[in-house]
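The values are calculated or read from the model by the stated rules, or taken from the named source; none is laboratory data. The structure presented is a predicted model; accordingly, all values stated were derived computationally and were not measured. Note that each Cβ is placed from the backbone with ideal geometry, even for glycine, and that neighbours are counted across all protein chains shown.
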Amino acid sequence: MNIRSFRIRKYRNIEDSGDIELLDRLTCIVGKNQSGKTALLRALHKFNPHVPDPYDIRKEWPREQRAQRDGKQVVCEVRFELTDAEKARLAELSGRPIAANEVLITKDYEGTFAVRLPDRPGDAPGEQQRAHEYLLQQIPTFIYMDDYKSFRGRADLVAIRHRLHDSGARLGEEDETFLMILRLAGLDLDRLIEQGASRDEHVLHDRQLDLQDAAAALTGKVAGRWAQNAYRIQFRTDGQVFFTEVEEVGKNIGMIPLEEQSKGFQWFFSFDLHFMHDSQGTFAGCVLLLDEPGLHLHPGGQRDLLQRLDAYAAKSPTIYSTHLPFLVDLREPGRIKVIHQGDARAVVSDDLGASHREERLALQAALGMQASQSHLVAERSLLVESVDDYWIVSELSNALERAGEGALPDDVMVTAAGGPSEVVHTASFMIGQGLQTVALFASDEAGRHAEETLRTKWLTRYDGTRSATLLLGDAVEAAGGDFTLEDLFPEHYYLSKVRGAHAKRLRAVGKDESDITLSGTGPLLPRVARACETLGLPFDKSSVAKLIRKDLMRVAKAQDMPRGTADKARKLMSAIREAFGEPPS
């Protein structure tokens, strides 16, 4: 069966999405944060998930309607087109031809399916039951992805096995990703360890052959997917330490450890591996649902991702959500759906102009932009260094707006560039197209260097440009020294989020949250990184930013922010508005 449309009702902030027609095998859901993109994909995913994931009426029913909860409420209905083979099989089951070309299947909060086949009212109950059971077996599997972590490529085999079999230990995300790669490559963890412990040269030779065969097999599965270069994978071991290396074909620089490759390369490599794992190595009979892919990619990588999504959609229908202008292809308007808040509820529309005033921050770039050489950009953009910065700046602005205070201009699109140097690269392109861009840099060594480069080597080339650069420390009137977005928050508050984000990893190494302590004074980031490094933990900055983002999303009044944060946020928004040539708030 081929999916043709779907509709979501009474799920989180979605009252009724309306019928969402899928006119193309690739569909793009465009909307700002908290517009309902994730809820839409989650509800569809639970219709027939790859791994059991039932609807939960206690958590997912619209909050303000709790008294009206009803387990019989249909959450998701999906319209499928029947293939000729399916129509023939239905005719066999009922003993007569079937004229219907489509079937509508619904699923309620209790997990009950209902099947509606047009033109079959005369079927006997037994025939109808057999037809329904057959159709339910043909429903495609829905694969949902929202976590696109890169694999670093190095693993301690013995330590992972200990965590895997010790009931008191916990597998970390790196462990789970590594075990996934072993499964994809056809390698056995216990066998690798046993071979590594042997002193027999024949056993060690067999181990190396196993690694070579596995690497060749995995290369065959992913070769050619990377848009910029072909590559070859190699596995090797040093005792019980496992290494993943990659050679970019044609560069004559040999094998390089995966962790030393570019961030974009690591992202696409891991992206493919997770997809192959979640779909059991094939896309047959799957619908792929991707929530905000490509956040960590620079604009060039995002354009490569669009090509990749086309390739996936050729094999399986693919639906993805985004707020990124480089992932919205206006050459294919039939693919684009806009989600926005209508009467306090998420509504999905085919009308590309259906955005309300409050959604313009995320949609201006996708709906009111100029295109040049397939680059889609907003008329006015605020460039920040990372996805973490995007989350914090956007949510600080949203919180101030809810409190009735000055926020970002409505038509400014916040875009994460992927690092200070990428801010320079992306800003120079936008400014060259005559677009107004404000580039916000952290007040640290890398940020100051990138800001000076953009200001002195690029802005000076364009007479009359309205674009500008902004150092964070200057914006919030910080007293000298380094200053990053994390320093907008009190030390005790940020430390509490660091502890919460690393709690599982701490337990895995026999520590607890109180073991993370900060020493000295100065900017938070280097002190937190040192504290984690002392405990043998990698500092997961993004997980901390996610926890802070959740807190900010709940802020109704400025005084609900951590102490001192609101004042810094006001200064930041005022400085950004001034940089765009608007009166300070």
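The table below lists the values:
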quantity	calculated
Matching residues, the stretch 20-58, being of a type in the set (D, E, K, R), touching a residue at least 24 places away in the same chain (Cβ under 8 Å) and within 29 Å of ALA314 (Cβ to Cβ)	GLU21, ASP24, ARG25, LYS37, ARG42, LYS46
Inter-residue pairs, beta-carbon under 9 Å, first in contact (Cβ under 8 Å) with a residue 60 or more places away in the chain and farther than 11 Å from GLU385 by Cβ and in the stretch 413-439, second assigned to a loop (DSSP other than H, G, I, E, B) and aromatic (Phe, Trp, Tyr), 6+ apart	GLN436/PHE580; VAL438/PHE580
Cβ-Cβ under 7 Å pairs, at least 6 apart or on other chains, the stretch 466-490 side within 22 Å of ASP551 (Cα to Cα) and assigned by TED's automatic domain parsing to the domain that holds THR565, far side hydroxyl-bearing (Ser, Thr, Tyr) and not in a helix (DSSP H, G or I)	LEU472/SER443; LEU472/THR484; PHE483/SER443
Count - residues of the stretch 544-563 that are of a type outside the set (D, E, K, R), in a helix (DSSP H, G or I) and modelled with pLDDT under 90	3
Yes/no for THR38 being hydroxyl-bearing (Ser, Thr, Tyr), outside any loop (DSSP other than H, G, I, E, B) and in contact with a Phe, Trp or Tyr (Cβ under 8 Å, 6 or more places away or on another chain)	no
Cβ-Cβ under 8 Å pairs, at least 6 apart or on other chains, the stretch 535-560 side closer than 19 Å to GLN34 by Cβ and in the same structural domain as TYR493 (by TED's automatic domain parsing), far side of a type in the set (Ser, Thr, Tyr) and surrounded by 15 or more Cβ atoms within 10 Å (Cβ to Cβ)	ILE548/TYR494
Condition met for LYS10 (touching a helix residue (DSSP H, G or I) at 6+ places or on another chain (Cβ under 9 Å), surrounded by 19 or more Cβ atoms within 10 Å (Cβ to Cβ) and in a loop (DSSP other than H, G, I, E, B))	no
When residues of the stretch 286-321 are limited to those that are polar (S, T, N, Q) and either surrounded by 22 or more Cβ atoms within 10 Å (Cβ to Cβ) or within 12 Å of TRP267 (Cβ to Cβ) (or both), the one farthest from the chain's Cα centre (by Cα)	THR318
The listed residue being in a helix (DSSP H, G or I) and at pLDDT 90 or above, out of ARG89, ARG130, ARG79, ARG163	ARG89
